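Peer 1: Once you've had a glance at the structure underneath, I'll fire off some questions.
Bear in mind these aren't lab numbers, they're just calculated from the coordinates by the rules spelled out. These numbers were taken from a predicted model, which means no experiment stands behind them. Glycine gets a Cβ as well: all are built from the backbone with ideal geometry, and neighbour counts include every protein chain shown.
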Ligand SMILES: Cc1cc2nc3c(=O)[nH]c(=O)nc-3n(C[C@H](O)[C@H](O)[C@H](O)COP(=O)(O)O)c2cc1C
């Protein structure tokens, strides 16, 4: 079974790869991921806050805390916990490049324009084959309008595009008013791909201690349908590559993502739970399912359930929302 796919111009034997995570801290784990057949290795992010300096990070962290926006704090590690500083990050890319034969993707994570974006060039020089740009931002300031936030991200992409020649893929959040429009703008600015989606880490509240308790919980497959809808909506309407991230745990999850248009399928929680070998299990499961269902290749399935090609596109839209609500009441009364 031919599982090959093209992602960001890279010819890959299949779409499965680990997503950005601390799995790359340890070279042995990276080797195990490659042994399990990972089609690429994705670095965890180098954060804007790490690049511009601990002093600024601390200041910003305190600001965020003072304004009670701990969701951001839950995601950004404390400077003490940064395992790799900017220089070590670049060294780790070079080390991984020397260790594996598969493509290695760097990851820059930030929200503003500025000199820190120069690190894109350093990541390229360290040997990365492509760059993820994670624009994780929590838009809690009411004076920031949507247009200016989107403009900043588009300008970040433009700036990085002028800095590197490797492909750039933007890791998006689901929180945009008109995702399709914004996606097209990012592609116009030079994004070669989009990853759907970042996962936001939600705060909880300890009512006894009156504390906000940011928690990092691993995902499960219930997080996939949000991704499926937007992959399906973007697929066929954009010329760029699409990556799925969030809620892929099984072979059927991965098949669904591909059918909705994903060219690459990333897993983090599943690999953290079950270990690198789980990637091989998912790949074998995909292959077996495609064979049983008489597909000739993965590409035959790719995009087959996107908005343009699925038998009932309304199922992704408002019409289905009304139908689902009304049929539930019908069931409830019977
Ligand atoms: C412990 C941990 C660390 C992560 N670090 C990063 C990171 O540095 N950069 C990034 O873009 N995403 C990071 N992520 C998000 C993952 O790449 C992925 O988008 C998210 O976990 C959803 O995928 P999943 O459902 O397969 O876990 C991290 C996730 C986890 C669980």
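Peer 1: Output the peptides 283-289, 225-231 sorted from most to least packed, where packing is the average of other Cβ atoms within 10 Å over each peptide's residues. Intermediate results must be reported in sequence, preceding the final value.
Peer 2: On the way: 283-289: 17.1, 225-231: 20.9.
Order by mean packing, descending: 225-231, 283-289.
Peer 1: Which parts of region 178-200 would a label at residue 4 reach, counting a residue when its backbone N lies under 16 Å from a point 7 Å out along Cα-to-Cβ?
Peer 2: Under 16 Å, as judged by backbone N against the label point of residue 4, lies no residue of region 178-200.
Peer 1: For the chain, modelled as a GNM with alpha-carbon contacts under 10 angstrom, which of 188, 144, 28 fluctuates the most?
Peer 2: 144
Peer 1: Could I ask something else about it? What relative contact order, as a whole-number percentage, does region 142-258 give when Cα pairs under 8 Å and 6 or more residues apart are counted?
Peer 2: Numbers: 139 pairs, mean separation 28.0, N = 117.
Relative contact order of region 142-258: 24 percent.
Peer 1: What order, most packed first, do the peptides 90-101, 317-328 have when packing is the mean number of other Cβ atoms within 10 Å of each residue?
Peer 2: Numbers: 90-101: 16.4, 317-328: 10.7.
The densest-packed peptide leads the list: 90-101, 317-328.
Peer 1: Quick check on packing: order 114-120, 10-16 by the mean number of other C-beta atoms within 10 Å, highest mean leading. Each step should come with its number before you reach the end.
Peer 2: Working: 114-120: 17.3, 10-16: 20.0.
Descending mean neighbour count gives 10-16, 114-120.
Peer 1: Another question, if that's okay. Pop a pseudo-label 7 angstrom from the Cα along the beta-carbon direction at both residue 321 and residue 112 and give the gap in nm to one decimal.
Peer 2: That separation, rounded to one decimal, is 3.5 nm.
Peer 1: How high is the relative contact order of the chain, given as a whole-number percent (alpha carbon pairs under 8 Å, six or more residues apart)?
Peer 2: 19 percent
Peer 1: Place a point 7 Å from the Cα of residue 27 along the Cα-to-Cβ direction; which residues of region 98-136 have their backbone N under 15 Å from it?
Peer 2: Under cut-off, by backbone N: 98-101.
Peer 1: Can you tell me how much longer the chain between residue 159 and residue 293 gets when fully stretched, taken as 0.36 nm per residue apart minus their C-alpha distance, in nm with one decimal?
Peer 2: Computed gain between residue 159 and residue 293 is 43.7 nm.
Peer 1: What is the gain in length, in nm to one decimal, between residue 177 and residue 87 on full extension, counting 0.36 nm per residue of separation less the C-alpha to C-alpha distance?
Peer 2: Using 0.36 nm per residue and subtracting the Cα-Cα distance, I get 28.7 nm.
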